[in-house]
1. Suppose we keep only residues that are surrounded by 15 or more Cβ atoms within 10 Å (Cβ to Cβ) and of a type outside the set (Gly, Ala, Ser) within the range 246-270. Which one would you say is modelled with the lowest pLDDT?
2. Residues being outside any helix (DSSP H, G or I) and either in contact with a helix residue (DSSP H, G or I) (Cβ under 8 Å, 6 or more places away or on another chain) or surrounded by fewer than 23 Cβ atoms within 10 Å (Cβ to Cβ) (or both): count how many of those fall in the range 50-91.
3. Mind listing whichever residues of the range 197-227 are assigned to a helix (DSSP H, G or I), of a type outside the set (Phe, Trp, Tyr) and crowded, with 16+ Cβ neighbours inside 10 Å?
4. Given (1) out of contact with any Gly (no Cβ under 8 Å at 6 or more places or on another chain); (2) surrounded by fewer than 18 Cβ atoms within 10 Å (Cβ to Cβ); (3) in contact (Cβ under 8 Å) with a residue 24 or more places away in the chain; (4) under 30 Å from Val22 (Cα atoms), identify the lone condition not met by Ser236.
5. Go through the range 149-179 and count every residue that is in a loop (DSSP other than H, G, I, E, B) and either free of Cβ contacts under 8 Å to residues at least 40 places away in the same chain or touching a Ser or Thr at 6+ places or on another chain (Cβ under 6 Å) (or both).
6. May I ask you to list the residues in the range 92-129 that are more than 13 Å from Ala75 (Cβ to Cβ), in a loop (DSSP other than H, G, I, E, B) and not β-branched (Val, Ile, Thr)?
7. Name the residues in the range 113-134 that are touching a residue at least 12 places away in the same chain (Cβ under 8 Å), open to solvent by less than 70 Å² (accessible area, probe 1.4 Å) and out of contact with any Leu (no Cβ under 9 Å at 6 or more places or on another chain), would you?
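The values are calculated or read from the model by the stated rules, or taken from the named source; none is laboratory data. Remember, it's a predicted structure, so these values are computed and weren't measured experimentally. Here Cβ is always computed from backbone atoms with ideal geometry, including for glycine, and neighbour counts include all displayed protein chains. All accessible areas refer to the heavy atoms of the entire protein, side chains included, with ligands and DNA or RNA removed. Shrake-Rupley method; radii C 1.70, N 1.55, O 1.52, S 1.80 Å.
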Amino acid sequence: MTTHVPSETRSPWRELGPGIYVLRTAGFRTNVGLVVGSEQALVVDTGAGPLGAAEVYSHVRAVTGLPLVVVNTHAHADHFFGNDYFAAHGVEDFWATSRCSAVQAENGEGQRALVAAVEPAMAAGDGEHTRILAANRLVDGTPVDLDLGDVSVTLFHLGSGHTDHDLLVGAGNVLFTGDLVEEGSDPVFEDSFPVDWVRTLGKMAALEDLYDVFVPGHGEPVAVGDVTTQMNTMRSAIRVTRVAMDEASVDMTKAIPILPYGPEQSRALLVRLRTLAHWKWLTRRH
């Protein structure tokens, strides 16, 4: 097996368990995971474009020369825009939920501007390795177990939350959660499903007998207690926001100062809940 444990003095990888690593990318500070088996290695998320992906790939190759597979946790640019670079370097299998793959293909072009500050070529769609590359190996319904050789990785979807297609990656006692869990910053609600998100976090916390290290999409790895805290905080925020929505005579934005998040994500939560409520109202009308 062509792998070695990287030296802490010169490697950006943090070892979370035997053959299980995480590093934080520049720019968006996205957590990239690496799981090394005896026959293959698996990379969790690829960054925001070819510049970041090249750096991640270099760090991966400092650990292992094994064939690689990639998992995308969800279809936001900072998590999958590096796919084309990895494909150009021999990766053939890109795993995600079937819904994630569809959203990557449908909405990828529209996300290019989001990465302009750190990946100008990707934003412009100009240059090598700047294609929008959607996942081609799909998790749909039942969990998928990938055998990396002496190491098994489980890919599964617990429900909607940060998006409607978040994929979790379990390896040993470590669970890579994508942006379902955030550490050091507020959850991002723009295209989320907040009520479902609370339920999904509850299901995740119930897995504490299997996993005791939870790697968020951004920030430091956390324990199950932090997952539960995020769940309870979000539940309370939704309750406050719904009360404000029910008070038709009151400006809903007055709820923002008492929500547990900063102004930007408090407003995003309010807008998202109002949008989803409107969709439900339209459904009932029809």
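1. Here is the first cut: in the range 246-270, the residues surrounded by 15 or more Cβ atoms within 10 Å (Cβ to Cβ) are 252, 255-256, 259, 261, 265-270.
With the extra rule that they be of a type outside the set (Gly, Ala, Ser), the set shrinks to 252, 256, 259, 261, 265, 267, 269-270.
Numbers: Met252: 62, Ile256: 73, Leu259: 88, Tyr261: 94, Gln265: 93, Arg267: 90, Leu269: 93, Leu270: 90.
Checking each candidate, the answer is Met252.
2. Of the residues in the range 50-91, 17 are outside any helix (DSSP H, G or I) and either in contact with a helix residue (DSSP H, G or I) (Cβ under 8 Å, 6 or more places away or on another chain) or surrounded by fewer than 23 Cβ atoms within 10 Å (Cβ to Cβ) (or both).
3. Within the range 197-227, Val198, Arg199, Thr200, Leu201, Gly202, Met204, Ala205, Val224, Asp226, Val227 meet the criteria.
4. Of the numbered conditions (1) out of contact with any Gly (no Cβ under 8 Å at 6 or more places or on another chain); (2) surrounded by fewer than 18 Cβ atoms within 10 Å (Cβ to Cβ); (3) in contact (Cβ under 8 Å) with a residue 24 or more places away in the chain; (4) under 30 Å from Val22 (Cα atoms), the odd one out for Ser236 is (4).
5. Qualifying residue count for the region: 9.
6. If the condition is that a residue be more than 13 Å from Ala75 (Cβ to Cβ), in a loop (DSSP other than H, G, I, E, B) and not β-branched (Val, Ile, Thr), then Glu92, Asp93, Ala116, Ala117, Glu119, Gly125, Asp126, Gly127, Glu128, His129 are the ones that fit.
7. If the condition is that a residue be touching a residue at least 12 places away in the same chain (Cβ under 8 Å), open to solvent by less than 70 Å² (accessible area, probe 1.4 Å) and out of contact with any Leu (no Cβ under 9 Å at 6 or more places or on another chain), then Val115, Gly125, Gly127, His129, Thr130, Ile132, Leu133, Ala134 are the ones that fit.
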